[in-house]
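Novice: There's a structure below that I have some questions on.
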Amino acid sequence: MTEIRLLLTAVQYFTRIRVPAWVGHAPERLTGAIRYFPAIGLVVGASGAAVMWLAALALPAPLPAILSTTVTILMTGAIHEDGLADTCDGLGGGATRERAIEIMKDPRIGVFGAIALILMLLLKIATLSLLPLWTAMAALVASHAFSRFCAVLVIVAGRYVGSADRSRSAPVVERVKVGDVVVAALFGLPALVLCGPRVIVAIVVALVLVGVLWRWCVQRIGGYTGDTLGATQQVAEIGCYVGLLGMSG
């Protein structure tokens, strides 16, 4: 029952899916719920893949990709997209560490964030539209799970520098255990086999992009925040799509 509660806690905080009332609303449980981030990715990715398949029965490209992307955003409440925008605004517009973090906390979107969102959506829709249908569907499931596993790796390897009283991710970063990473890997990695051997390139591209982002965050603000975790998920997801498309050409 404890594990079910942790899973539903992750669903509650990082999707718009309703959970039973008995789950409650305890931010401190997010520390253990980290292990189920990739499981959320499986649900979101599978939902997007189902919508893509249904849309492809009657609609031409790029509409299936647009609709599937829309569904994944609605399911998560755009929490990761918001993190990407805030990260780009903060790192791109803040001259100092303190100013960068302050900008990330600002609910208003700036030029860097708006450009990042536009480019991100264009890249997602373009790559998914150019991939064969079944490859695109597999990519949705695998990439959403793997990208969230990448966020878990950043939590383990990095240092949290956000504001504990403002970030939804603050309770997650307090005590990450080896067992959490193992469970996260069990949910985040197996779906990659759906993409076949070409997934190796996708993984490499995604990890390189995550590494570049992580290094940028460390240099600019000394670690990561809840926003940069959202940006990590987005960057890794797009990296997977681009890698798969490159191998399909």
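Bear in mind that the values in this text are calculations on the coordinates, not laboratory data. Since we're looking at a predicted model, the values are computed, not measured. Backbone-built Cβ (ideal geometry, glycine too); neighbour counts: all protein chains shown.
Novice: For region 43-114, what is Rg from Cα atoms divided by 2.2 N^0.38 Å, rounded to two decimals?
Specialist: 1.47
Novice: To continue, here is another question. Provide, for q = 0.09, 0.10, 0.12, 0.17 Å⁻¹, the log10 of I(q)/I(0) from a solvent-free Debye sum over equal Cα point scatterers in the chain.
Specialist: Listed by q, the Debye log ratios stand at -0.36, -0.45, -0.65, -1.30.
Novice: Quick one: which residues, 5 or more positions from GLY77 or on another chain, have an amide H under 5 Å from its amide H? H modelled 1.01 Å from N in the peptide plane, none for Pro or chain starts.
Specialist: Excluding prolines and chain starts, which carry no amide H, the hits are ARG16.
Novice: When you count, for each residue, the other Cβ atoms within 10 Å and take the mean per peptide, how do 54-65, 205-216 rank with the highest first?
Specialist: 205-216, 54-65
Novice: In what order do VAL176, VAL44 fall by count of nearby beta-carbon atoms within 10 Å, going from fewest to most?
Specialist: Values: VAL176 17, VAL44 25.
In order of increasing Cβ crowding within 10 Å: VAL176, VAL44.
Novice: If each residue of separation counts as 0.36 nm, what is the full-extension length gain between VAL178 and VAL43 once their alpha-carbon separation is subtracted?
Specialist: My answer for the length gained is 46.2 nm.
Novice: Take the Cα of ARG198, step 7 Å along the line toward its Cβ, and report every residue of region 17-59 whose backbone nitrogen sits under 18 Å from that point.
Specialist: Under 18 Å, as judged by backbone N against the label point of ARG198, lie 49, 53 of region 17-59.
Novice: Then there's this: Under a point-charge model restricted to the Cβ atoms of Lys and Arg (+1) and Asp and Glu (-1), what is the dipole moment magnitude of the chain relative to its Cα centre, in debye to the nearest 20?
Specialist: So the dipole magnitude of the chain works out to roughly 240 debye.
Novice: May I ask you to list, by number, the DSSP H helices of the chain whose Cα span along the axis is at least 24 Å and whose average Kyte-Doolittle hydropathy reaches 1.0 or more?
Specialist: In the chain, the long hydrophobic H runs are 37-56, 111-130, 133-157, 199-221.
Novice: Using helices alone, what [θ] at 222 nm do you get for the chain, with -39,500 (n - 2.57) per DSSP H run of 4 or more residues, divided over all residues and rounded to the nearest 500?
Specialist: -23500 deg cm²/dmol
Novice: A further question on this structure: Beyond 27 Å, what percent of the Cα pairs of region 106-249 remain? Please list the in-between numbers first.
Specialist: Details: 2416 of 10296 pairs.
The share of Cα pairs beyond 27 Å in region 106-249 comes to 23 percent.
Novice: Roughly how many nanometres apart are two label points built 7 Å out from the Cα toward the Cβ at TRP134 and TRP216?
Specialist: Each label point is offset 7 Å from its Cα along the Cβ direction, giving 3.7 nm.
Novice: Using 7 Å Cα-to-Cβ label points, what is the ALA157/ARG18 separation (nm, one decimal)?
Specialist: 4.1
Novice: What is the set of long-range amide H partners of TYR224 at a cut-off below 5 Å, with H atoms built 1.01 Å from backbone N?
Specialist: Counting only residues 5 or more places away or on other chains, the set is ARG159, TYR160, VAL161.
Novice: To continue, here is another question. So for THR225, THR70, THR76, fewest C-beta neighbours within 10 Å to most, what's the order? Provide the component values of the computation, followed by the final result.
Specialist: On the way: THR225 28, THR70 14, THR76 21.
Going from sparsest to densest Cβ surroundings: THR70, THR76, THR225.
Novice: What ranking do 102-108, 13-19 get when scored by the average of other Cβ atoms within 10 Å per residue, highest first?
Specialist: By packing density, highest mean first, the sequence is 13-19, 102-108.
Novice: Taking all pairs of different Cα atoms in region 1-145, averaging 1/r and flipping that mean, what Kirkwood radius in angstroms comes out?
Specialist: Computed over region 1-145, the radius equals 16.7 Å.
Novice: What is the Rg over Rh value, at two decimals, for region 1-53, using alpha-carbon atoms and the Kirkwood definition of Rh?
Specialist: With Rh from the inverse mean 1/r over Cα pairs, Rg/Rh is 1.02.
Novice: What ranking do HIS144, HIS80 get, fewest neighbouring Cβ atoms within 10 angstrom at the top?
Specialist: Taking fewest neighbouring Cβ atoms as first place, the list is HIS80, HIS144.
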